[in-house]
Amino acid sequence: MNLLKPARLIHQSILRFAFLTAFPALLAISPSSYSQELTWEKLSSYIENPEMVGENQEPPHVPLAPYESLESAIDHDWETSAWQLPLDGDWRFKYAMNILEAPQYFWQPGYDTKEWNNIKVPGTWQMQGFDHLTFRNIPMEFSPYDPPRVPHDLNPVGSYVRNFFLPATWKDRRIFLHFDGVKSCYWVWINGHYVGFDKGSMDAAEWDVTPYLKDGENLLAVRVMRWCDGSYLEDQDMWRFAGITRNVYLFATPNTHIRDFSLVTDLDAAYRNGTLKVKAFVHNYGSPKSAALNLLATVYDTTGKAITKASTPVSSLFQGRENTVELNIPVNNPFIWSDENPYLYTVILELRNAKNEPVEILDSKAGFRKVEIKDGQLLVNGVPIKLKGTNRHEFDYQLGSVVDPKRLTQELILMKKLNINAIRTSHYPNDP
């Protein structure tokens with residue numbers, strides 16, 4: 001006989017009653033978002049509902065950040081861009097065993113967090129002295145196994161708060177808040193306004209936060225729950241962590257912005273001449289009707305020399321509309337990428353106005369190579385190759401699932417020394 005079961009059921013009944021009566025004060029997503037009080041059933045519609053993956057988010061896109069000059073774009077250093085503001089570093093943090101014990105209204109301006117702890121972002125809270133460390137292969141971290149339901153009485157919650165100052169030069173631009181990964185699910189507020197929700201865990205999430213920002217100092221608050229229905233999909237052979245585990249940043253764009261793009265390279269049958277295919281998705285976020293623009297794509301070699309370029313017009317757009325524009329750019333006799341010579345070109349994308357002035361500048365890397373299978377043989381640039389691979393988890397013995405770029409470089413060098421030429425990114429999308 002399980003003598004603990006009746007006590008657990010009584011505990012859960014008490015919690016459910018408490019949620020029904022007190023939960024509006026505990027989570028209170030936003031008075032403007034809901035016309036009725038938030039109960040446990042409302043919370044359950046987020047964390048125990050596989051159809052609820054995110055709320056108010058921008059569509060996904062490749063990692064990008066605008067630059068204020070061509071020189072900084074060619075240098076490919078996001079942190080030097082005047083249009084990006086990193087939000088990593090020390091945040092104020094409060095840990096709780098469940099949502100009932102978590103602080104109330106902590107996202108509101110003026111809430112006192114002086115007695116809270118400091119925590120590093122990106123970081124896992126388990127590796128910084130909160131919660132407990134867990135390694136699992138097949139079993140879940142919690143019981144009972146009852147998807148999509150997760151525990152109510154023991155479901156750790158992390159409340160995060162930080163202030164930031166908006167650069168004065170960002171006035172009249174569109175501003176986006178970007179999280180590269182938060183595990184397992186979380187809600188976001190800025191200056192007391194509800195921004196949105198995400199359950200992607202190891203995927204990025206992004207919101208247009210322009211309406212919620214003000215000049216000078218701003219308040220960002222995030223509530224993270226350790227387990228949700230998505231936790232069942234993450235039942236993998238690994239250490240289990242929670243928190244804001246990847247980078248957080250703001251970036252500013254013009255009202256008409258390259259929301260997303262793709263670069264695809266190919267080589268001819270002789271593996272001598274290449275083609276770069278550019279597809280850009282241009283979106284009007286603010287103006288009633290945007291001016292006509294041009295998209296310019298320029299390819300630079302590793303010395304910073306422009307080797308080819310092409311452009312195409314971007315027609316004017318009404319607010320909220322998006323155009324897709326494409327370019328096919330021939331590249332004669334490019335340096336060929338291989339695992340022994342991983343040569344990467346820099347591709348600069350520019351939106352230019354009628355005066356041929358850059359309105360927006362983005363960058364990316366691209367290599368020219370061709371992968372084929374012929375007669376059952378894998379070929380790279382026409383050369384047979386055998387895959388000698390290994391699994392790679394994002395894991396650091398000091399940081400948990402947060403991987404410092406120096407550690408990643410160390411791992412890649414070690415793999416090359418062991419003649420490894422393929423990586424299985426087990427078991428999730430890797431950090432960008």
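Since only ASN49, GLY196, ALA221 are under comparison, the one whose Cα sits farthest along the positive direction of the charge dipole of the chain, derived from C-beta charges on Lys, Arg, Asp and Glu, is ASN49. Ignoring aspartates and glutamates fewer than eight residues from LYS305 along the same chain, the ones with Cα atoms less than 13 angstrom from its Cα are GLU71, ASP75. Relative to the dominant Cα principal axis of the chain, helix 405-417 is inclined by about 60°. Annotation: per residue accessible area for the chain equals 50 Å², rounded to a whole number [probe 1.4 Å, protein chains only].
Approximating the spin labels as points 7 Å out from Cα along Cα→Cβ, the ILE307-to-LYS171 distance works out to 4.4 nm. With the simple model of a label 7 Å out from the Cα in the direction of the Cβ, LEU133 to TYR271 spans 4.6 nm.
Of all the options GLU141, GLU101, GLU372, the one that moves most in a Gaussian network model of the chain with Cα springs shorter than 10 angstrom is GLU372. Taken over the range 58-128, the percentage of Cα pairs per 5 Å bin, counting from 0 up to the bin with the maximum distance, is 3, 12, 15, 15, 15, 12, 13, 9, 5, 2, 0.
Put a plus charge on the Cβ of each Lys and Arg, a minus charge on the Cβ of each Asp and Glu, and nothing anywhere else: the dipole of the range 360-411 about its Cα centre is then about 340 debye. For every other residue with a beta carbon closer than 12 angstrom to the beta carbon of THR124, add +1 if it is Lys or Arg and -1 if Asp or Glu, then tell me the sum. With Lys, Arg at +1 and Asp, Glu at -1, the neighbours total +2. Here the spin labels are modelled as points 7 Å beyond Cα on the Cα-Cβ line, and at ASP215 and GLU326 they lie 4.6 nm apart. Across the protein chains, with a 1.4 Å probe defining accessible surface, the residues ILE119, ILE307 rank ILE307, ILE119 from largest area downward. For the chain, the C-alpha radius of gyration sits at 1.10 times the compact-globule guess of 2.2 N^0.38 Å, with N the residue count.
Cross-linked pairs LYS277/LYS370; LYS171/LYS277; LYS120/LYS365; LYS171/LYS406; LYS309/LYS416: Cα-Cα separations exceed 24 Å for LYS171/LYS277; LYS120/LYS365; LYS171/LYS406; LYS309/LYS416.
For the chain, a Gaussian network of Cα nodes joined below 10 Å ranks ARG407, ARG369, ARG162 by mean-square fluctuation, and the top entry is ARG407. Taking LYS417 as the anchor, which aspartates and glutamates have their alpha carbon closer than 19 Å to its alpha carbon, excluding any fewer than eight residues away along the same chain? The reachable aspartates and glutamates, counting only those whose Cα sits under 19 Å from LYS417, are ASP339, GLU340. Considering Cα pairs under 8 angstrom that are at least six residues apart, work out the relative contact order of the range 112-262 and quote it in whole percent. Normalised by residue count, the contact order of the range 112-262 is 37 percent.
Most tightly packed first, judged by the mean number of other beta-carbon atoms within 10 Å of their residues, the peptides 153-160, 60-67, 355-362, 417-424 read 153-160, 60-67, 355-362, 417-424.
List the trypsin sites (Lys or Arg not before Pro) within the range 81-119 that fall in a DSSP loop (any state other than H, G, I, E or B) and whose Cβ has at most 11 other Cβ atoms within 10 Å.
On the way: sites: ARG92, LYS94, LYS114; in loops: LYS114.
Here the sparse-neighbourhood loop sites are LYS114.
Along the charge dipole of the chain, Cβ charges K/R +1 and D/E -1, which of VAL182, PHE130, VAL299 sits furthest on the positive end? Going by the charge dipole, the pick is VAL299. Here the convex hull built on the C-alpha positions of the range 195-312 has a volume of 246 cubic angstrom per residue. Between ASP198, ASP208, ASP90, the residue with the greatest mean-square fluctuation in the GNM of the chain (Cα pairs under 10 Å linked by springs) is ASP90.
The values are calculated or read from the model by the stated rules, or taken from the named source; none is laboratory data. Quick caveat: nothing in here was measured; it's all calculated off a predicted structure. Methodologically, a virtual Cβ is constructed for each residue, glycine included, from the backbone with ideal geometry; neighbour enumeration extends over all protein chains shown. All accessible areas refer to the heavy atoms of the entire protein, side chains included, with ligands and DNA or RNA removed. Shrake-Rupley method; radii C 1.70, N 1.55, O 1.52, S 1.80 Å.
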